[in-house]
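Derivation of every value follows stated rules applied to the coordinates shown; laboratory data play no part. Since we're looking at a predicted model, the values are computed, not measured. Cβ sites come from the backbone with ideal geometry, for glycine too, and all protein chains shown count toward neighbours.
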Amino acid sequence: MQFIKDFTGLKAFVKASATINKVRVVAVCPHDDHTREAIEAAIKEGLAEFTLVGIPDKMGSLPSLAAHIIEEADTDHAAYLAVEEVRQGRADVMMKGLINTDNLLRAVLNKEHGLLPAGKVLTHITAAKVPGRHKLVFFSDAAVIPFPKPEQRTAQVAYLAQVCRAFGIEQPRIALIHCTEKISPKFPVTLDYQMLKEQCAQGLFGNAIVDGPMDAKTAVDIHSAQVKGINSPIGGDADALLMPDIEAGNVFYKALTCFAHADIAGMLMGASCPVVLPSRGDSTDSKLCSLAMACATAIALKQ
C-alpha cells in the first residue's frame, strides 16, 4: 500500500479505492452546515456513499445526493437507527452530525444493541498535518479516556499501530510521551510505558517500534533527539504519539490547531466500525478529512 503523508493524498487514496469497493457511511442528523458541506464534498469527490438518518428538510440538498434516507425526528432514535445500519452490515463508518456526543455514544455503547464488542476499548485517534512537517502525526487520546488504565493503554497503542498501517506505514514508530525520559515510580505512567515496550518486544503490536518515555519534541524532531543524546529507535521521527492522559492530549490537540495551524482529523476506534466524532466547532474541511481518515481505516479493516 502507498504511504499517505497528507490529507490530499488520503482523499486521493480513498477515491481510488472507491472504484473497487466504495465505503458506506451512515450519518446521524446531518443538519448543520459544516456536516452537510463535508458530506456533499465527499459524495461529489467519490469518497463514499451515504445513508442519512434525520430530518430531510434540515439536510439541504443532501437527500438528492445520498444513496439512502432514513427519516427520524428524534435524535436519540436516529442514533440507534444508525447503529443498527452498522450492525446489519449496511454501513462501514458512522458519522456524527448535529447531535450531542453523549446521546450518540449512548447508542454506540449500549451493551445489548451497541457497537462496542465485549472487552474492547473505545478511544480517540487524531491525525494532524503540521505545516512544514514531512508527514502526518497521529496521537491518542484527546477526547475519550481521562486517565487510561494499563489495559486501555495497550489497546490505544494497538489502535495507533492499526491506523498507521492503514496509511501505508509498515512499521509504525510510536512514541510514549511524558515530561521525562526516565522510568520512575514517581511517575506511574512511565511504569505503564515499560509494560508497553515489553509487549511490543513480545510482538503484541506486530511490526512496530514502541519506545519512551520521551517528550513530544524529542519524539518528532531529529535534531532535538540528537542534542539530548536520546538513543531511541524512534530516532526523532515518530509516526504516532501516545499521550499520558486526556489533559495532555487535549492541550496538544488545541495547541496544534491554534498555534501551529495544523489541519486536523479524528475518529473513534474500538467500536465495530470507525466513528467520526467531530466537534461542533470543526470546519467543513476538518470534517471531510475525518471522513476520509475513517474511510481509509474501514478499507484496511476489510482487507
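Considering only alpha-carbon pairs that sit under 8 angstrom and 6 or more positions apart, the relative contact order computed for the chain is 23 percent. Among 180, 75, 190, whose mean-square fluctuation peaks in a Gaussian network model of the chain (Cα, cutoff 10 Å)? Looking only at 180, 75, 190, the biggest GNM fluctuation is shown by 180. Comparing 218, 101, 51 in a Gaussian network model of the chain where C-alpha atoms under 10 Å apart are linked, the largest mean-square fluctuation is found at 101.
Once you have a ≥ b ≥ c as the square roots of the Cα gyration tensor eigenvalues for region 132-279, tell me rounded if a/c is under 1.5, and otherwise prolate or oblate according to whether a/b is larger than b/c. Judged from the Cα gyration tensor, region 132-279 comes out rounded (a/c under 1.5). DSSP bridge analysis restricted to the chain gives an antiparallel fraction near 30%, rounded to the nearest 5. Label separation (residue 100 vs residue 279): 2.0 nm, computed from points 7 Å beyond Cα along the C-beta direction.
In region 254-303 the Cα-Cα distances spread across 10 Å bins starting at 0 as 26, 48, 22, 4 percent of all pairs. Volume per residue of the convex hull around the Cα atoms, evaluated for the chain, comes out as 122 Å³. Annotation for residue 130 and residue 245: the two label points, set 7 Å from Cα along the Cα-Cβ direction, are 2.3 nm apart.
For the listed residue pairs 58/254; 197/217; 96/197; 5/217; 217/254, the alpha carbons are over 28 angstrom apart in 58/254; 96/197. Diffusion coefficient (Stokes-Einstein, Kirkwood radius over C-alpha pairs, 25 °C, 0.890 mPa s) for region 76-156: 167 µm²/s, rounded to a whole number. Where a ≥ b ≥ c are the square roots of the eigenvalues of the C-alpha gyration tensor, would you call region 170-246 rounded, which needs a/c under 1.5, or, failing that, prolate if a/b is larger than b/c, or oblate? Oblate, because a/c is 1.5 or more while a/b does not exceed b/c.
Just so you know, the averaged projected area of the alpha carbon convex hull for region 107-211 sits at 8.2 nm².
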